[in-house]
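Undergrad: Below are the structure tokens for one structure; questions will follow.
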Amino acid sequence: MTRSDPAIVILGNGSLTTARRLQQVYPGALIHGLAERVDGADRIYHDFGATLRELYQQGTPIIALCAAGIVIRTLAPLLLEKGAEPPVLAVAEDGSAVVPLLGGLGGVNVMAREIAAHLDVAPAITTSGELRFGTCLLNPPSGYTLGDLELGKRFVSDLLAGETVRIEGSAPWLAQAQLPEDAQARLAVHVSHAERSPVANELLIYPRNVLVAVSDEVADVPNVVREALHRAKIAVQSLACLLAPDSAMASQALREAARELGVPLRFAAVVGGACELARQAIGSGVCVVGDDAVAVALAEQPLDPMHIGRARGRLAVIGLGPGAAELMVPAVKAELARANDVLGYETYVRMAGPFRADQVLHCTDNREEMQRARHAFELAAQGRSVVVVSSGDPGVFAMAAAVLEALHESTDAHWHNVELEILPGVSASLATAAQAGAPLGHDFCVLSLSDNLKPWSIIEKRLDLAAQADLALAFYNPISRSRPWQLGQALDIVARHRVPETPVVLGRDIGRPGQTLQVTTLGQLTPDQVDMRTMVLVGSSTTCVFARADGGTWVYTPRWYGNKP
Ligand code: SAH
């Protein structure tokens, strides 16, 4: 199993030094610091419990610099749920103790040893098998997989009770463990890709050294794969990856088949049938059984699927929300974590960070949108995981439409094969409205006042009709240095249809440092109160205001219209 980068979670500045030392062990790890308590963390959080649980549920290894009890209590509600358990460790804030808590099969003891070695202390390892043999038999290294966990636990407890063991097959890591080996032992560890039902007193470990290639015409892929493996007398557990021709890259059926078989799906340019495809992909491998449709190939060593052919490229157009990390949807956070390349206007790319050293940032000017969209497809078509960032929602005056336009204009099959996904965000109008109350609580109209990409006459017409229709209005791009007069004109048009007392909300840098929220009226509003970082919300005839207990003003537009029901 390959481990993702851990999250280092700290509650105060006192833990920063130790946290930084842990970052030397895991350079990709980010330090998550409690807001207002920690200066200089990579990520800020507000709620310790919610943050820890979210990391756990995403399968992120957690190193918490706090009391073990706090971590246990926080994660306890999640422990009864089934699912993969990431490593979770508590480390004393001064680095004097390292306590592995959860994730015994996810390598927590390995991490505890790595951390303890760096901090020059003894790890608090309590797993008997680990202590006695120096390795977790039930957690073989990447490239190998355990046959049956329950049998394995029984096997380890027999060993702990004093039994000896034989090792059959090649298991380089076991040679280094301190196992009580004996050629005559009753217990045996059997390492092989052969299909075999376990006999009594046997622990089966499978090397993942088998590849199955399929052509794009195969139906019912999972069964075809299982049958082919069975014909070759190879265990399905040894399957390392499924390989298909480039032409099948967008196939939904293949994607589901790989998921069902639990292996990565990779692609290669096809020359000849499936057997040839397989042989080319793994070089020295032998094709055991195969025809044009499906082929099984065997390598001498475990295969690393990441080095076979290439993945289907992925392009996600994401919305960061207005700025604050809590307003970013979890799917967007997960997408940023998996990205190889991040493209966008520099301000937004910075807002989306921090990034790991292996992630490539492509910052461009705000106006080069089509060029950025095409660049994103070029990168994704190489099999990379690419993210294009927008602020707010990517579909609201932002990159999603530009990316789709670039794809629509392209005849390149590689671009069309990319897995494209648009992930939504909280748009500035909604973030601003929420802070003011509910000014958009009834029908409303969203307009960009920028005449860069549309004629001003169209904007005037839409404004006039929307104002006449008594819709509440949300103005994006209300003003800029190159468009100084447009907002004044827009307000004049609206004033033809609305009374001067109509409530207006101005949200500036909402969700960002230094945010301001102002409630005024149409009659009092002047363009100099507005800049390009402002959201302007103009109420309808029913929008009303009343005082908040804290001195501010609530603004809302009732859900009913005409007579109150
Ligand atoms: N996709 C973005 C909008 C991009 S257009 C979204 O959905 O929010 C840029 C305009 O959005 C700015 O001129 C400003 O009017 C508004 N805007 C973006 N972020 C904002 C914020 N944090 N606070 C107030 N207005 C914002």
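The values are calculated or read from the model by the stated rules, or taken from the named source; none is laboratory data. Keep in mind it's a predicted model, so treat the numbers as computed, not measured. Every residue, glycine among them, receives a Cβ derived from its backbone with ideal geometry; neighbour counts consider all protein chains shown. Just so you know, the surface numbers come from the protein's heavy atoms only, side chains and all, with ligands and any DNA or RNA stripped out. Shrake-Rupley method; radii C 1.70, N 1.55, O 1.52, S 1.80 Å.
Undergrad: Name the pairs whose Cβ atoms lie under 6 Å apart, with the first residue in region 491-512 and of a type in the set (A, V, I, L, M, F, W, C), the second in a helix (DSSP H, G or I) and modelled with pLDDT of 95 or more, and 6 or more positions between them or separate chains?
TA: Correct list of pairs: Ile493/Leu463; Ile493/Asp464; Val494/Ala467; Val505/Ala436; Ile510/Ala431; Ile510/Thr432.
Undergrad: Only one of (1) open to solvent by 20 Å² or more (accessible area, probe 1.4 Å); (2) modelled with pLDDT of 95 or more fails for Gly59. Which number is that?
TA: Against the list (1) open to solvent by 20 Å² or more (accessible area, probe 1.4 Å); (2) modelled with pLDDT of 95 or more, Gly59 comes up short only on (2).
Undergrad: Collect the residues in region 124-176 that are assigned to a strand (DSSP E or B) and within 31 Å of the chain's Cα centre (by Cα), keeping them in residue-number order.
TA: Scanning region 124-176 gives Tyr144, Thr145, Leu146.
Undergrad: Out of everything in region 480-508 that is within 16 Å of the ligand (Cβ to nearest atom) and in contact with a Gly (Cβ under 9 Å, 6 or more places away or on another chain), what residue ends up being most open to solvent (accessible area, probe 1.4 Å)?
TA: Only one residue tops the list, namely Arg508.
Undergrad: For region 114-123, how many residues meet the condition of being assigned to a helix (DSSP H, G or I) and surrounded by fewer than 17 Cβ atoms within 10 Å (Cβ to Cβ)?
TA: Summing the residues that are assigned to a helix (DSSP H, G or I) and surrounded by fewer than 17 Cβ atoms within 10 Å (Cβ to Cβ) in region 114-123 gives 3.
Undergrad: Which condition breaks for Gly107 when tested against (1) open to solvent by 20 Å² or more (accessible area, probe 1.4 Å); (2) at pLDDT below 90?
TA: Of (1) open to solvent by 20 Å² or more (accessible area, probe 1.4 Å); (2) at pLDDT below 90, only one is false for Gly107: (1).
Undergrad: Any chance you could count how many residues in region 509-521 are more than 12 Å from the ligand (Cβ to nearest atom) and open to solvent by 20 Å² or more (accessible area, probe 1.4 Å)?
TA: Qualifying residue count, region 509-521: 2.
Undergrad: Criterion first (aliphatic (A, V, I, L, M) and out of contact with any Asp or Glu (no Cβ under 6 Å at 6 or more places or on another chain)) does Leu187 satisfy it?
TA: No, not satisfied.
Undergrad: Scan Val317, Val294, Val288 and give me the residue that is touching a helix residue (DSSP H, G or I) at 6+ places or on another chain (Cβ under 8 Å) and more than 16 Å from the ligand (Cβ to nearest atom).
TA: Testing whether each residue is touching a helix residue (DSSP H, G or I) at 6+ places or on another chain (Cβ under 8 Å) and more than 16 Å from the ligand (Cβ to nearest atom) leaves just Val294.
Undergrad: Separate question: Just checking, does region 164-172 include any residue being open to solvent by less than 30 Å² (accessible area, probe 1.4 Å) and within 20 Å of Asn209 (Cβ to Cβ)?
TA: Checked against the condition, which is being open to solvent by less than 30 Å² (accessible area, probe 1.4 Å) and within 20 Å of Asn209 (Cβ to Cβ), region 164-172 yields at least one hit.
Undergrad: Could I ask something else about it? Restricting to region 530-547, and then to whatever is open to solvent by 60 Å² or more (accessible area, probe 1.4 Å) and outside any strand (DSSP E or B), can you tell me which residue is farthest from the ligand (Cβ to nearest atom)?
TA: Here the answer is Ser541.
Undergrad: Give me the residue from region 412-432 that is open to solvent by 30 Å² or more (accessible area, probe 1.4 Å) and either basic (Lys, Arg) or within 16 Å of the ligand (Cβ to nearest atom) (or both) and, out of that set, nearest to Lys333 (Cα to Cα).
TA: Once the filter is applied, the top-ranked residue is Pro424.
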